[in-house]
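Following: one structure in C-alpha cells, then a few remarks.
Values quoted throughout were computed directly from the atomic coordinates according to the rules given, and no laboratory measurement underlies them. What you see is a predicted model; the values in this text were computed from it and never measured. Here the Cβ positions follow ideal geometry from the backbone for every residue, glycine too, while neighbour counts run over all protein chains shown.
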Amino acid sequence: MKNNKMNRRRFIHTSSAIGLGLTFGLPEVISAPMSTSKKPAILGGQAARTKAWPTWPIWDSKEDEDKIFQALRSGRWSRAGSMDTVVGEFEKKWAETLNVKRCLATSNGTNALIISLRRLGIGAGDEVITTPYTFVATIQAILRVGAMPVFVDVNRATFQIDADKIEEKITPNTVAILPVHILGLPADIEKVMTIAKKHDLLVLEDACQAWQAEVSHKKVGTIGNAGCFSFQNSKNLPIGEGGAIVSNDERFMDRCFSDHDNGRAVGYLGQSAEFSGVALAGTNERMTTYQAAIGLAQLKRLDEQNTHREANATYLKSLIKDIPGIVPYELSPNVTRAVFHLFPFRFLKEGFKGLTREGFIKALRAEGIPSSPGYGAQIDMSFYRDAFEYKNYQKVYPKEMLDHKNFVERNHCPENDILCNEEALWFTQNMLLGTKGDMEQIADAMKNISKYAEEISKL
Ligand SMILES: Cc1ncc(COP(=O)(O)O)c(C=O)c1O
C-alpha cells in the first residue's frame, strides 16, 4: 500500500486554490485548441496552461450570504425537536429534487451512513458487502455499527463494484449490500437490486459522491432501501459539512430522525403506545440551520453545474480515448446521468514507453493541469486492527476472522489493487466547470506528453 498519495479533499483544494480570488459564473464554451507540436513543459517547453482553474466552492455574495444572515437573525440556530425549520425546508427540497418521499439532513455523510445502518437493524455479527474503491468513511461506518465489511472486487472499466462477483461473497451472515456510486458515476445498481431481492438482502446506497446521478431515469440513492449523501466542502453540493439520508420507507425515516435527535419521538414513534418520552436510544447528529441555509443556496446551482460537468466530461472522454495507454471511464448499464464528482481514466503503462503514472502526473502538473492517482487500496490499512480490538468485535466474531492477515487475504481484490496502485487517475469536478477550450487544453497536453513519453521517462 502506498500511503504517500494526496487525498481527494486536499487535491481538490490544491487544484482550485490557484484560482482563488476569481469570481465564477459558468463560462461560455469557447474552443481554443493549442498546437500539439511543442515540447512538453517538463522538457523545457511552454506550459499548456497558466490560467487558474475554476475555484471551489462557488457562492454568490448576495444570495448565499442573505440566506445565512436570515438563519442568524432568526435566532433558531438548532432544529432540536423540530421538523419545521430551515433544515426542514432543505430536506423537503432535496427530497423533491430526488423524487423520494423523505429526507433527513445530518451533520455529515459518515453519520448518515452510520444512522442508516443502525436503523436498518445492521450490527454485530452481520456481514455487509461493499466495494474497496471508496472513501474510508464507507468502511468505517460499517465498522462503527459492529458489522463486518466484506469486499467485492471492482470492475476496472467503470471503477464501480463488480456486481457479477457479489453472489460468490454471500454467506449466511450477509445482511446487506452497500454499493457506492463512486466518483459521481452510478454503480450497476439494477444488478445489485436483483441480487439483493434474490437473497433477501437490504441495500444501502452510498451516494455521497453522486447527487442527481441516475440509472434508468431514477436518482441514485432512491433505488435501494435507503441512500446517503455528503455535502462536505469538496462535493458537488457543498455546505462545508453536512449529509442526508433519503428513503421511501416512512417508518425507517421516523426511526432515523429520532436517532439523530437524541431519540425524540417523531411520526409513528410518537403515536405508538409502545414508546413513551424519548423513544429510541439515539445520538445527536443534527444539521445546523446555517448549514441548511448554505445548502438551499447551493442547491439552486447544482443541476446546471452537473449538466455542465457531464457535457465537458463526455467531450474530454472523446478527445482522449485514442491516446495510446489512456482508457477513460465507462458507464454502468442504463446510466441516464452521471455527475462527475471526479473525471476518472486509466493509465496503462504499456502505452507510455517507460513513463510511469507518477511521471505522467508530474508532466501534466508542469503543463498547469493537476491530476491525482486517487484512492489507495483500503483493505490493508491499520484502522481494521483498531476496530477489531474493540470488545464488541472480540466477543462476537471468531478469533481467526479478526486476524488482520486473515482479513486481508480473504478480502483480496486484485483488480482494485491494479486500479489503485497502477492505473487510476482523476481530474476534479471543478476542472469540468471550465470551458470546452479547457478540455481541449487538457487533451492536447496529454497527447503531447504521450508523444514525448520516452524522453520524459528518462528525466
Ligand atoms: C463515498 C463516500 N462515502 C462517505 C463519505 C462521508 O461523507 P462526509 O465526509 O460528509 O462524512 C464520503 C465523503 O467524502 C464519500 O466520498
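The figures follow:
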read-out: Considering residues of segment 384-399 that are surrounded by fewer than 17 Cβ atoms within 10 Å (Cβ to Cβ) and among the aromatic types (Phe, Trp, Tyr) only, the residue farthest from Ala137 (Cα to Cα); value: Tyr397
read-out: Yes/no for Asn248 being in contact with a Lys or Arg (Cβ under 9 Å, 6 or more places away or on another chain) and not β-branched (Val, Ile, Thr); value: yes
read-out: Top-ranked residue of segment 152-168 - restricted to ones that are among the aliphatic types (A, V, I, L, M) and either more than 16 Å from the ligand (Cβ to nearest atom) or outside any loop (DSSP other than H, G, I, E, B) (or both), ranked as nearest to Leu237 (Cα to Cα); value: Ile161
read-out: Within segment 236-250, considering residues that are more than 15 Å from Ala292 (Cα to Cα) and of a type outside the set (Asp, Glu), the one farthest from the ligand (Cβ to nearest atom); value: Asn248
read-out: Members of segment 42-67 found to be part of a helix (DSSP H, G or I) and within 28 Å of the chain's Cα centre (by Cα), listed by number; value: Glu63, Asp64, Glu65, Lys67
read-out: Residue match in segment 256-271 (condition: out of contact with any Phe, Trp or Tyr (no Cβ under 8 Å at 6 or more places or on another chain), within 16 Å of the ligand (Cβ to nearest atom) and either outside any helix (DSSP H, G or I) or touching a residue at least 40 places away in the same chain (Cβ under 8 Å) (or both)); value: yes
read-out: Counted residues, segment 211-235 - those being touching a residue at least 60 places away in the same chain (Cβ under 8 Å), in a loop (DSSP other than H, G, I, E, B), more than 11 Å from the ligand (Cβ to nearest atom) and not polar (S, T, N, Q); value: 4
read-out: Where Thr171 falls short, out of the listed (1) within 15 Å of the ligand (Cβ to nearest atom); (2) part of a loop (DSSP other than H, G, I, E, B); (3) farther than 14 Å from Pro333 by Cβ; value: (1)
read-out: Among (1) more than 20 Å from Thr356 (Cβ to Cβ); (2) in contact with a Phe, Trp or Tyr (Cβ under 9 Å, 6 or more places away or on another chain); (3) in a helix (DSSP H, G or I) - the single one Asn406 does not satisfy; value: (2)
read-out: Subset tally (residues that are surrounded by 23 or more Cβ atoms within 10 Å (Cβ to Cβ) and either more than 22 Å from Ala377 (Cα to Cα) or without any contact (Cβ under 8 Å) to a residue 24 or more places away in the chain (or both)) for segment 150-175; value: 0
read-out: Residue match in segment 192-203 (condition: within 15 Å of the ligand (Cβ to nearest atom), farther than 26 Å from Ala124 by Cβ and β-branched (Val, Ile, Thr)); value: no
